[in-house]
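Asker: I'd like to ask you about the structure that follows.
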Amino acid sequence: MPVGGDAERDGAEAAFRAAMSRLGPWEAAPALAVGVSGGADSLALALLAQDWAMARGGTVLGLIVDHGLRAEATAEAAFARSTLAARGIPSRVLSLGLGAATAERARQARLAALEDACAEAGILHLLLAQHACDQAETRLIRTLDHSGPAGLAGMAAIRHGAAVRILRPLLMVPPAILRDVVRRAGLAWVRDPSNADPRATRTRLRHWRADRDGAGAATRALVLAARADGAARGTAEAELADAMARIATIRPEGFAVLSQGPWPGPVLARLMRIIGGRAFAPGDVAALAAAPRPATRAGVRLMRAGRLGPGWLLVRETAAPPVAALPCAIWDGRWRVRGVWPAGATIGALGDGPGPDLPAACRRVLPAIRHAGRLLAAGTEAAGFVPSDPAMGAPFLPSSGPEERAWGMRTPPGHPMFPVAAGSSLPACQSGRRANGRTG
């Protein structure tokens, strides 16, 4: 069903089409999932995505997370589901029951639930509704947290997860436009009271900016500044991907084979993060990359490749303790259990037992399924290597493109790229460490 029937609707749809064209390629009949909370932003995204997908013979599935953090959460999830149903959009409610979880834990659990639901439904594209104000606030938070240029690029318009592409087509969109889309469709929306909680850094920054519609000069400047850093980050990541493809091979057994060296420091750092199963890359590897030698950094061992070639190996030094070998369980932060095993079976490190014909350092930390003292499977027969992030996904795609004029994100003549004048100060507030870490 169309979003509305006037020129404003046509402009919103045209801008959305432009944004989606940059996020391709797409299959012949795209299957999309949209994270929907019942708020105006996510409902507008669902409506725009529905029109876009239907025009291409595709489908949209709404994914509604009932996180259980507030008493109203279940009712809000039901409201979102009925609202989508009235527009002909099928949906699923994902109940988490997080209780008294922190905001960061809730965010991680919500995204994991959405990705798992996409994988279960066979959907490759997950659309999220972060908009221009969210991007502006992310830029401010990372500025306060002394982030480097990569962090100041803000949220990526596209990020590759383990089994899904996470897409944010609205990062240039003022939220007032999204509210108008929902109003013209004759729909109401829920308002999350946590968005007004002054204890949250993001809420305090939102109050300080005083730009609820997201159309002010400060918001534009912050988003455009993130765009500029994002363009630079995208170029750097493309160069990094090219270098990694030339010098490294990541084996399905969970280790990497490198050329003889030297290597770019960022390539070695990224590989160590992936092989080590860590959230962040080590920051002290430039000298090691310039002059390779046997060493251990961040729980990853660099050693000669020996019979595997003239170069080097990156191998996890030690593995995590065993855990129950439940279907699809993650062990050691890197391995997903394959198949169904007897009750009481565990997955842990292979150790010195029999296994694939690999160097001992590689074989020792492979996954192994054991039950009642018997080795049932080892290596890739026991589990698949699934690090939390790909070594190189899509290069960072900044929130820019031909759609920005339609969204009203033009740079005012002579306007600075950052809205805080010299000699002024940002508000006193605290931000979490995660703001300076992974984007997306």
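Asker: Can you tell me which residue within region 244-256, out of those that are crowded, with 17+ Cβ neighbours inside 10 Å and assigned to a strand (DSSP E or B), is nearest to the chain's Cα centre (by Cα)?
Answerer: Ranking the candidates gives Ile250 first.
Asker: Right, here's the next one. For region 300-350, give me each residue that is in contact (Cβ under 8 Å) with a residue 60 or more places away in the chain and of a type in the set (D, E, K, R).
Answerer: Correct list: Arg301, Arg316, Arg334.
Asker: Would you mind telling me which numbered condition in (1) at pLDDT 70 or above; (2) under 26 Å from Ala112 (Cβ atoms); (3) buried (at least 21 other Cβ atoms within 10 Å of the Cβ) Gly339 fails?
Answerer: The number of the failed condition is (3).
Asker: Now for a different question. Would you confirm whether or not region 298-310 contains a residue that is more than 24 Å from Ile330 (Cβ to Cβ) and under 27 Å from the mean Cα position of the chain (by Cα)?
Answerer: Within region 298-310 (the criterion being more than 24 Å from Ile330 (Cβ to Cβ) and under 27 Å from the mean Cα position of the chain (by Cα)), the answer is no, since none of the residues qualifies.
Asker: In region 321-333, which residue that is within 27 Å of the chain's Cα centre (by Cα) and modelled with pLDDT of 90 or more is surrounded by the most Cβ atoms within 10 Å (Cβ to Cβ)?
Answerer: By that ranking, first place goes to Ala325.
Asker: In the list Pro262, Pro282, Pro266, which residue meets the criterion of being part of a helix (DSSP H, G or I) and within 25 Å of Glu317 (Cβ to Cβ)?
Answerer: Exactly one of Pro262, Pro282, Pro266 is part of a helix (DSSP H, G or I) and within 25 Å of Glu317 (Cβ to Cβ), namely Pro266.
Asker: Let me ask something additional. Take region 56-80 and flag every residue that is part of a loop (DSSP other than H, G, I, E, B) and either modelled with pLDDT of 95 or more or not assigned by TED's automatic domain parsing to the domain that holds Ala117 (or both).
Answerer: Residues satisfying the conditions are Arg56, Gly57, Gly58.
Asker: Kindly provide the set of residues from region 267-285 that are surrounded by 13 or more Cβ atoms within 10 Å (Cβ to Cβ) and farther than 18 Å from Ala320 by Cβ, ordered by number.
Answerer: The answer is Val267, Leu268, Ala269, Arg270, Leu271, Ala281, Pro282, Val285.
Asker: Looking at Ala298, Ala361, which one is within 26 Å of Glu115 (Cβ to Cβ) and either surrounded by 13 or more Cβ atoms within 10 Å (Cβ to Cβ) or modelled with pLDDT of 95 or more (or both)?
Answerer: One residue alone meets the criteria, Ala298.
The values are calculated or read from the model by the stated rules, or taken from the named source; none is laboratory data. None of these values were measured; they are calculated from a predicted model. FYI the Cβ positions are ideal-geometry reconstructions off the backbone, even for glycines, and counts take in every protein chain you see.
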